[in-house]
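Reading through the structure tokens given below for one structure.
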Amino acid sequence: MRRSVMEDYGVTGARVDLEVTVDASPEHLWDRITAVPRIGDFSPECEHGAWVDPANAEVREGTRFQGTNRREDRVWTVTCVVTEVEENHTFGWLVLDPEGDPERPSSRWHYELVPGDEPGQTVVRHSFVHGPGYSGLREMIKNNPGIASLILDVRLTELREHMIETLEAMARD
């Protein structure tokens, strides 16, 4: 049974898009971005990642993985499904909500890697788009509708900072 539709408050489609140039090759970044079990080494929010089926831990469309995240005192685990793979160039996935419907994801994440102007540099286009599915952000806004826009702005700013911090850590590794 689908959860009742709650007021959206601009959550669906809320996004963070960034483009940064880092001192690491596309191959180096690709190895870090697709190393699901290592994401906790790089991310300030995702503490642990694991392939759902370790026997089929391949970076290919349809493969599922889980991530355990921490934000302040809240810890949660999500299941993700890989949606786009082009080695050394693009990697995308959906974060499924508790109902697991890929047509109504919690969010969509995407990396695009392009060689930079200088040898050993990569232009990284990284995006997050909130989907129509359930999320902690939706729950927080539901419980605090009077400050919905503030909650959304704070979370998107935080996500942008975490995305940049993660990329910087991947490039240094």
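Residues considered: VAL75, VAL82, VAL95. Of these, the only one that is in contact with an Asp or Glu (Cβ under 6 Å, 6 or more places away or on another chain) and either touching a residue at least 60 places away in the same chain (Cβ under 8 Å) or assigned to a strand (DSSP E or B) (or both) is VAL82.
Which residues, counting only those in region 141-157, are in contact (Cβ under 8 Å) with a residue 12 or more places away in the chain and over 19 Å from LEU94 (Cα atoms)? Hits for region 141-157 are ILE141, LYS142, PRO145, ALA148, SER149, ILE151, LEU152.
Filtering region 19-69 to residues that are of a type in the set (A, V, I, L, M) and open to solvent by 70 Å² or more (accessible area, probe 1.4 Å) leaves VAL52, ALA55.
Hey, any hits in region 105-123 for a residue that's outside any loop (DSSP other than H, G, I, E, B), small (Gly, Ala, Ser), open to solvent by less than 20 Å² (accessible area, probe 1.4 Å) and out of contact with any helix residue (DSSP H, G or I) (no Cβ under 7 Å at 6 or more places or on another chain)? Can you show your working first?
Let us first name the residues in region 105-123 that are outside any loop (DSSP other than H, G, I, E, B), namely 107-115, 122-123.
Now restrict to residues that are small (Gly, Ala, Ser): 107.
Those still in the list that are open to solvent by less than 20 Å² (accessible area, probe 1.4 Å) too: 107.
Now narrow it down to the ones that are out of contact with any helix residue (DSSP H, G or I) (no Cβ under 7 Å at 6 or more places or on another chain): 107.
Among the residues of region 105-123, at least one is outside any loop (DSSP other than H, G, I, E, B), small (Gly, Ala, Ser), open to solvent by less than 20 Å² (accessible area, probe 1.4 Å) and out of contact with any helix residue (DSSP H, G or I) (no Cβ under 7 Å at 6 or more places or on another chain), which makes the answer yes.
Per the conditions (1) assigned to a strand (DSSP E or B); (2) without any contact (Cβ under 8 Å) to a residue 12 or more places away in the chain; (3) of a type outside the set (S, T, N, Q), the sole criterion not satisfied by PHE65 is (2).
The values are calculated or read from the model by the stated rules, or taken from the named source; none is laboratory data. Worth saying up front: this structure is predicted, and the values here are computed from it rather than measured. Counting neighbours? That spans all protein chains shown, and the Cβs are built from the backbone with ideal geometry, glycine included. Note: areas computed on protein heavy atoms with side chains; ligands, DNA, RNA excluded. Shrake-Rupley method; radii C 1.70, N 1.55, O 1.52, S 1.80 Å.
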